[in-house]
Amino acid sequence: MIAVGAAAWTTYDSVTKYTEPQSSAESKAAETNDTVSGIFVNDVSSAPTSSAKPVSSSPASSSAAPAVSSKTGTKPTAAAANTFTMPVSGKVSQAFSKKPVFNKTLGDYRAHTGVDLSAKTGETVKACADGVVTKVANDDRNGNTIVIKHGSIEATYCGLDKMLVKEKQTVKRGQKIGTVGVDPTESLESPHLHLIMKQNGQYIDPMTILK
């Protein structure tokens, strides 16, 4: 009996010593479950979700549009870049009109694509602005004509008597280019200069830019 009791005690003592370190290790593992390298770790299921949005590292953009320099924002129009003045001293005797108007000489209605400026026969005709002469010719419709390119504006001076410039010649505003004569299609009208202007190939009213 003593031998059996001693054997039983030895077995119990070994089992107890074997199980104690394991439970101690599990306990330590449970204790250290809350930290990893010194950083607190919560259970994912119990971690609160944050409503705050991550802060962007990029600089905040302003809702206000950047100011545009008045010096570089826009290109000047032909009228702004090149001052236009009256080629003769008289007033308008027949205005520009896209709608048909009665023509005394031809006896019909047609658009008046230029402007008639009253002037005496032989009166000096001046260039409206700086430019380059592109055409000097006698036109069956408008008589002696001079075409000058004033930037984006093309001006045709019609019904001249004398023509005092040549093609490709550079002219200055106010320079004498010819004298008032007769426009064949308006010969029954009082003496005047018939002035036509186009911009980008389209007829425009010369009085919108003449000063």
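Go through the stretch 116-125 and give me each residue that's surrounded by fewer than 20 Cβ atoms within 10 Å (Cβ to Cβ), at negative phi and touching a Lys or Arg at 6+ places or on another chain (Cβ under 9 Å).
Selection gives Ser118, Thr124.
Please verify whether the stretch 177-198 includes one or more residues that are under 19 Å from Phe84 (Cα atoms) and outside any strand (DSSP E or B).
No, the stretch 177-198 contains no residue that is under 19 Å from Phe84 (Cα atoms) and outside any strand (DSSP E or B).
May I ask you to verify whether Thr113 is crowded, with 19+ Cβ neighbours inside 10 Å, farther than 12 Å from Val88 by Cβ and hydroxyl-bearing (Ser, Thr, Tyr)?
When the stated conditions are applied, Thr113 does not pass them.
Which residue is modelled with the lowest pLDDT, if the candidates are limited to the stretch 152-173 and must be open to solvent by 20 Å² or more (accessible area, probe 1.4 Å), in contact with a strand residue (DSSP E or B) (Cβ under 7 Å, 6 or more places away or on another chain) and closer than 16 Å to Pro206 by Cα?
Ser152
Mind listing whichever residues of the stretch 199-211 are closer than 20 Å to Glu123 by Cα and assigned to a loop (DSSP other than H, G, I, E, B)?
Those that are closer than 20 Å to Glu123 by Cα and assigned to a loop (DSSP other than H, G, I, E, B): Leu210, Lys211.
Could you check the stretch 197-209 and list, in sequence order, the residues that are surrounded by fewer than 20 Cβ atoms within 10 Å (Cβ to Cβ) and aliphatic (A, V, I, L, M)?
First, the residues of the stretch 197-209 that are surrounded by fewer than 20 Cβ atoms within 10 Å (Cβ to Cβ): 198-205, 207-208.
Within the stretch 197-209, Ile204, Met207 meet the criteria.
Answer yes or no: is there a residue in the stretch 57-66 that is at positive phi, at pLDDT below 50 and surrounded by fewer than 10 Cβ atoms within 10 Å (Cβ to Cβ).
Checking the stretch 57-66: not a single residue is at positive phi, at pLDDT below 50 and surrounded by fewer than 10 Cβ atoms within 10 Å (Cβ to Cβ).
What pairs can you find where one residue is in the stretch 92-118 and free of Cβ contacts under 8 Å to residues at least 40 places away in the same chain and polar (S, T, N, Q), the other is open to solvent by less than 70 Å² (accessible area, probe 1.4 Å) and part of a strand (DSSP E or B), and their Cβ atoms are less than 9 Å apart, with a gap of 6+ or different chains?
Cβ pairs passing all conditions: Ser97/Ala111; Ser97/His112.
The values are calculated or read from the model by the stated rules, or taken from the named source; none is laboratory data. Being a predicted model, the structure only gives us computed values, none of them experimental. Glycine gets a Cβ as well: all are built from the backbone with ideal geometry, and neighbour counts include every protein chain shown. Ligands, DNA and RNA are excluded from the accessible area calculation, which covers all protein heavy atoms including side chains. Shrake-Rupley method; radii C 1.70, N 1.55, O 1.52, S 1.80 Å.
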